[in-house]
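Chemist: Quick one: the structure is below, and I'll ask about it shortly.
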Amino acid sequence: MEPSAGFRASVWSCFKFLPFFCGLLLLGIIKGVLFGPWAWLIIAIGISALVLGLWPMHVIWTYYCIIRTKLVGPVVKLLLLISVSGILVLWLIVGIVGSVLAGLAYGFLAPVMATFDALGEGKKRPLVHCFVDGTWSTITGGCTVVRDLKDMLFHSYLAYMDDLRFHEPPGGKPFEIRVLDIPGAVLAAACGLLMDGIMFTAIALYKFPVMLFKGWKRLIEDLVGREGPFLETACVPFAGLAILLWPFAVLGAFLASMISSVPLGAYAAIVVYQESSLFMGLSYAISSVSIFDEYTNDVLDMAPGSCFPRFVYQKNEASVESTRGPLSRPASFRDKQDGKKAPARVTSFKSSFDEFNPFKLLDHLFEECHHRGEALVAEGVITPKDIEETKSGKGGSGVLNVGLPAYVILNALLRSAKADSDGLILRDGCEITSDNRPKNTLFDWFFDPLMVIKDQIKAENFTEEEEAYLQKRVLLISDPKRLKATLPHLSSLNERKQAEIDAFARRLQGITKSISRYPTFKRRFDDLVKALSEELERAMAGSRSVSGSQFQKLRSGLVRMLSQRSMGKTASIRGGDQEAQLTNDAGAA
C-alpha cells in the first residue's frame with residue numbers, strides 16, 4: 001500500500017483505522033481474559049512440575065558428569081562444582097517464578113496477537129478468524145510450550161552432559177587454571193560488579209527520559225506520515241500497539257541495562273586471568289563504564305563519546321589505544337557514522353516477511369526426512385529395529401535419529417553445490433541465502449559450517465559413485481556392522497579420498513546432533529518416527545497379505561495334488577478313470 005499524500009489524508013487515514021484497531025484490541029483482550037487463565041494454569045503447573053520433578057536428576061547427573069569429565073583438571077572441577085551449586089538453586093527459583101510469569105504473558109498476549117494476525121493477507125473469512133483465532137490454539141500452544149521445555153530439560157540436557165562426560169580434551173591435556181591468579185580475579189570481579197552496577201544504573205536512569213520521548217516522537221511522526229512500521233497495512237496494528245506499550249519497552253531496556261552490569265562487571269576477572277595483571281582488570285572495570293556510555297549514546301543518537309575515562313586493559317592493544325587516545329570514539333562507532341547519512345525511516349517490511357525462520361526450516365527438514373525416510377523404509381535400509389529402538393527412547397544405532405537428518409542435509413548440500421548456489425537449495429526449490437536467512441546467532445552456528453562443507457564438496461567434485469558412497473557413510477556411520485555390509489567397493493577411491501569422505505560424514509553427524517537439541521526438534525522428530533512406523537506397518541501388512549495369498553494358493557495346490565494322487569492310485573487299482581490317471585501323471589511330472 002502506497003503512503004497517502006498530504007497531511008490531512010494521513011491524519012484521516014489514521015483516524016479511520018483507529019476504530020478497527022480499538023475493536024480488535026478489545027476483542028483480543030476479551031479472549032485473553034476468557035482463555036488466558038487456562039493457558040496460564042497449563043504453563044505454570046506444567047513447567048513447575050518439570051522443574052521440581054527433574055531437579056534431583058539435574059543435580060545428581062550434573063555433579064557426576066563434572067566429576068567424570070576429562071576436559072578440565074581438578075581445580076576447575078572444584079570451581080565448577082561450587083558454581084553449579086548456586087546455578088542449580090537459582091534455576092529452581094527462576095524456573096518456578098518464570099513459569100508463572102511466562103504463563104501470564106502467553107495467556108494474555110497470544111489471543112491478542114492472534115486476533116490482529118487474523119486480518120493478515122491470504123486469510124479467508126477474516127471475520128470468522130477474528131473470533132476463532134487465539135481461543136483453542138492458545139490452550140494447545142500452552143501444551144506445546146510445556147512439551148518442548150520437557151524435551152529441552154530432559155533429552156537436550158542429557159545430550160549436552162554426554163558431550164561433557166565423553167569428549168576428550170584437545171591435545172590430550174585437560175584445561176587447568178593458574179591458582180595464583182584467582183584471588184586477583186575475584187577482587188577485580190567484585191570491584192567490577194560494584195562499580196558497573198552503580199554506574200550503569202545511574203547512566204540508564206539519566207537516559208530513560210531521552211529514550212522514552214525520542215521513541216514516542218519517532219513513532220508518532222511515522223504514524224502521521226504513514227512511514228516506517230506504519231507503511232504496510234499488516235504492520236499498522238502492531239505499530240499502534242508499540243506506541244501504547246513503548247513505556248514498558250523503555251522500562252525493559254532500563255532493567256536490561258542493570259542486568260547487563262553483572263556479566264560486564266564480572267568480565268574483569270577474565271581480564272585479570274588473561275593478562276595476569278590485577279591492574280589491567282581494574283582498568284577494565286573503569287573502562288567498561290565508558291564503553292557502556294558510548295554504546296548508549298550511539299543507540300539513542302546522542303553526542304558521541306563519553307565523559308568517563310577509558311584506559312588500556314589489554315597489552316596487545318596498548319599501541320592502538322596510545323595512538324587513538326583514551327577519550328576518542330571507538331573505530332566501530334566511527335565506521336558506522338562517518339561519511340554515512342542517517343538511515344531513512346521509509347522502509348518496506350515486505351522483504352522481512354520473505355525471510356526464513358528456524359521453525360520454517362525445521363518444517364522443510366522434516367518434510368524431506370519424511371519423503372526420504374519412506375523411500376529408505378521401502379528399500380529396507382531403515383529397518384523395523386531402528387524404528388522400534390527410536391520409539392522406545394533408546395536411540396539404538398542412531399541411523400534414524402541422527403543418520404536420516406544428516407542424510408537429508410547432505411542431499412541439500414549436494415543439490416546446492418551442483419546448482420552453483422551461493423546458499424542452500426531446499427527440495428521444493430526455495431533457496432536460503434545470506435539475504436533471507438534467519439538473522440539470529442543460533443542459526444549461524446549451523447548455517448555457516450554447512451556453507452563451508454558445501455564449498456568443500458563443490459571443490460572435491462565427487463563422481464556419482466563417490467556421492468552414493470558418501471550418502472551411505474553419512475546415513476550408517478553410527479552402525480559400523482551395517483555400514484561395512486552395505487558400502488559399495490570403489491576401485492577409484494584412494495585413501496585420501498576415503499579419509500575426506502569420512503571427515504565430511506563425521507562433521508555432518510556432529511552438526512545434526514547439535515540441531516537435534518533445538519527445542520522443537522524432539523516433538524517434530526517423534527511425529528516423523530510415528531509416520532515412518534505407520535508406513536512400515538503398511539508395507540509389512542501388504543507383504544504379509546501377498547505372502548499370505550501365495551501361501552493359500554500353494555496350500556490349496558498341494559491339497560489338490562495329494563488328493564488327486566490318492567485318487568489316481570485308487571483309479572489305477574480299479575483300472576479306470578482316465579482323468580485321474582492323467583492328473584496323476586501330471587503331478588508326477
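The values are calculated or read from the model by the stated rules, or taken from the named source; none is laboratory data. Computed from a predicted structure; not experimentally measured. Reconstructed Cβ throughout: ideal geometry from the backbone, glycine too, with neighbour counts over all protein chains shown. To get the accessible areas, we keep the full protein, side chains included, count just its heavy atoms, and leave off ligands, DNA and RNA. Shrake-Rupley method; radii C 1.70, N 1.55, O 1.52, S 1.80 Å.
Chemist: Which of the helices (runs of 4 or more DSSP H) found entirely inside the stretch 105-174 contain at least 2 residues meeting this: among the β-branched types (Val, Ile, Thr) and either modelled with pLDDT of 80 or more or buried (at least 16 other Cβ atoms within 10 Å of the Cβ) (or both)?
Modeler: Passing ranges, in order: 136-151.
Chemist: Oh, and also: Would you confirm whether or not the stretch 280-289 contains a residue that is open to solvent by 50 Å² or more (accessible area, probe 1.4 Å), part of a helix (DSSP H, G or I) and at pLDDT 85 or above?
Modeler: Yes: one or more hits.
Chemist: Of the residues Ile87, Ile60, Ile93, Ile67, which single one is modelled with pLDDT of 90 or more and in contact with a Lys or Arg (Cβ under 8 Å, 6 or more places away or on another chain)? Explain how you work it out, then say what you get.
Modeler: Working: Ile87 fails: in contact with a Lys or Arg (Cβ under 8 Å, 6 or more places away or on another chain); Ile60 fails: in contact with a Lys or Arg (Cβ under 8 Å, 6 or more places away or on another chain); Ile93 fails: in contact with a Lys or Arg (Cβ under 8 Å, 6 or more places away or on another chain).
Every option except Ile67 fails the conditions.
Chemist: Output the qualifying pairs, or none if there are none: Cβ atoms under 6 angstrom, residues six or more apart or on different chains, first residue in the stretch 82-105 and in contact (Cβ under 8 Å) with a residue 12 or more places away in the chain, second residue open to solvent by 80 Å² or more (accessible area, probe 1.4 Å).
Modeler: Going by the 6 Å Cβ cut-off, the qualifying pairs are Gly103/Trp40; Leu104/Trp40.
Chemist: Moving on to the next point. Does the stretch 383-405 contain any residue that is part of a loop (DSSP other than H, G, I, E, B), loosely packed, with under 13 Cβ neighbours inside 10 Å and either in contact with a Cys (Cβ under 6 Å, 6 or more places away or on another chain) or at pLDDT 75 or above (or both)?
Modeler: no
Chemist: Could you say which residue among Gly46, Gly53 is exposed (fewer than 15 other Cβ atoms within 10 Å of the Cβ) and either acidic (Asp, Glu) or part of a helix (DSSP H, G or I) (or both)?
Modeler: So the residue among Gly46, Gly53 that is exposed (fewer than 15 other Cβ atoms within 10 Å of the Cβ) and either acidic (Asp, Glu) or part of a helix (DSSP H, G or I) (or both) is Gly53.
Chemist: Would you check which residues across the stretch 424-482 are open to solvent by less than 60 Å² (accessible area, probe 1.4 Å), modelled with pLDDT under 75 and part of a helix (DSSP H, G or I) and list them?
Modeler: Phe443, Asp444
Chemist: Does the stretch 490-505 hold any residues that are in a helix (DSSP H, G or I), open to solvent by 50 Å² or more (accessible area, probe 1.4 Å) and in contact with a helix residue (DSSP H, G or I) (Cβ under 9 Å, 6 or more places away or on another chain), and which are they?
Modeler: If the condition is that a residue be in a helix (DSSP H, G or I), open to solvent by 50 Å² or more (accessible area, probe 1.4 Å) and in contact with a helix residue (DSSP H, G or I) (Cβ under 9 Å, 6 or more places away or on another chain), then Gln498 is the only one that fits.
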